[in-house]
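The values are calculated or read from the model by the stated rules, or taken from the named source; none is laboratory data. None of the values given here were measured: they were computed from a predicted structure. Note that we place each Cβ from the backbone using ideal geometry, even for glycine, and neighbour counts take in every protein chain shown. Quick note on the areas: whole protein, heavy atoms, side chains included, nothing else; ligands and nucleic acids left out. Shrake-Rupley method; radii C 1.70, N 1.55, O 1.52, S 1.80 Å.
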Amino acid sequence: MTGIYRVNPQQQGVVMRFGEWVRTTPPGLHYHLPTPIEKVMTPDVTRDNRIEVGYRSFGGAATSRRDVPDESKMITGDENNIDIDFIVFWKIADAGAYLFNIQDPPETVKVAAQSIMRDIIGQTKIQTALTEGRQNIQLKAKSLLQDLLNSYEAGVEVRDVQLLSVDPPQEVIDAFNDVQRARQDRDTLINEAEAFRNDIVPRARGEAAQLISEAEAYASEVVNRAKGDADRFNSIYKSYLQEQCYLSLFAKCYTPLQVDGSLGVTAAISEMLVQSHEDGIELLPALPKEWDAGRFKGVCTRGAFELDMQWENNAIKTVEILSKAGKNCKISTDKNAQVFRDGNPVQFKENNGYIEFPTEKGNIYTLNY
């Protein structure tokens, strides 16, 4: 019967009425109006087609190809020349659009692919294109080419874009290879230097940390030993004071200590408690913290006065002064003090941390704080 037609599984049926595309039919049996009203075309839509850009193969071997410089030579983003050969694999996605929307579809795919590749390479540095950027270039070219063909409504599906070769132009390839070898040597030296640094720096840090740790341990040992020696000395010194100088310095002192004429250990001890000068007497100028309480009795100011001093909590409590020459007494004080004789207050003058008052020979004057 006229008008019945068959579309095979690998085909699509394109029905034309008076030469105008009216519909597309899938595989199977179909009917169209008798010729010449309607006609049918059944192109193969499953076959993969390939377009070579930048070269032409011959002899049936993939490695046997002839360069096409007009297609292969491109300029990179850093204004270097580069030679690129690539293949575009495509197939018919919509037979009607493929046959009627564009003229010479294979040439359209080829020109579009070449335009897209030039645009991508024009934004890519040569070193990236030659090395790690190839995969990204292929994926980007496939995506952009498909978008461009879709805008043409070409009815074409881009299956893949493969870069066969990306090389500098033949005229400068030797110089370029020299540059590449120099860069590889540079990278090798950098890697060796970094490996050396990664080895030596941690080791140096470890040695430094060890030295610091040993120094700190030594310092701690020395300080602790010094503290121990100091504590042992203070203990021995205090014991010596208690055993040898107790009668001269503390509560059981009956014979006054001659401050001005003392020598040796006795002089050193007395100087911590009383310093006698011609212009005055200074009390507790360098009292050790271990002697927080005690009593001192001694003659000072070239025999002019005899002191009997008591202190508690490292502070003077009372001072009794026996005048042996009837001179004015000038004595240091850092607190508000009162001077008495026989229970009666005595007038005194204050000047720069000292108080001064007249005395009469044989009388005892008491300073209360």
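Structural remarks
- Sole exception among (1) closer than 30 Å to VAL14 by Cβ; (2) open to solvent by less than 70 Å² (accessible area, probe 1.4 Å); (3) at pLDDT below 90 for TRP90, by number: (3)
- Residues of the stretch 102-128 satisfying the condition of being acidic (Asp, Glu) and in a helix (DSSP H, G or I): GLU107, ASP119
- Residue pairs meeting the criteria (Cβ under 7 Å; at least 6 apart or on separate chains; first closer than 18 Å to GLY362 by Cα and outside any strand (DSSP E or B), in the stretch 306-329; second basic (Lys, Arg) and open to solvent by 30 Å² or more (accessible area, probe 1.4 Å)): LYS324/LYS361; ALA325/LYS361; GLY326/LYS361
- Given (1) touching a residue at least 12 places away in the same chain (Cβ under 8 Å); (2) not in a loop (DSSP other than H, G, I, E, B), number of the condition GLY362 does not satisfy: (2)
- Subset of the stretch 139-189 (residues that are in a helix (DSSP H, G or I), modelled with pLDDT under 85 and not charged (D, E, K, R)): GLN170, VAL172, ILE173, ALA175, PHE176, ASN177, VAL179, GLN180, GLN184
- Contact annotation: residue pairs with Cβ atoms under 6 Å, 6 or more positions apart or on different chains, pairing a residue in the stretch 161-188 that is under 26 Å from ALA112 (Cβ atoms) with a partner that is open to solvent by 70 Å² or more (accessible area, probe 1.4 Å) and not charged (D, E, K, R), are PRO169/ASN81.
- Of all residues making up the stretch 127-159, the number that are of a type in the set (A, V, I, L, M) and closer than 19 Å to PHE100 by Cα: 5
- Among the residues of the stretch 277-299, the ones that are farther than 15 Å from LYS361 by Cα, open to solvent by less than 30 Å² (accessible area, probe 1.4 Å) and assigned to a strand (DSSP E or B) come to 6 in all.
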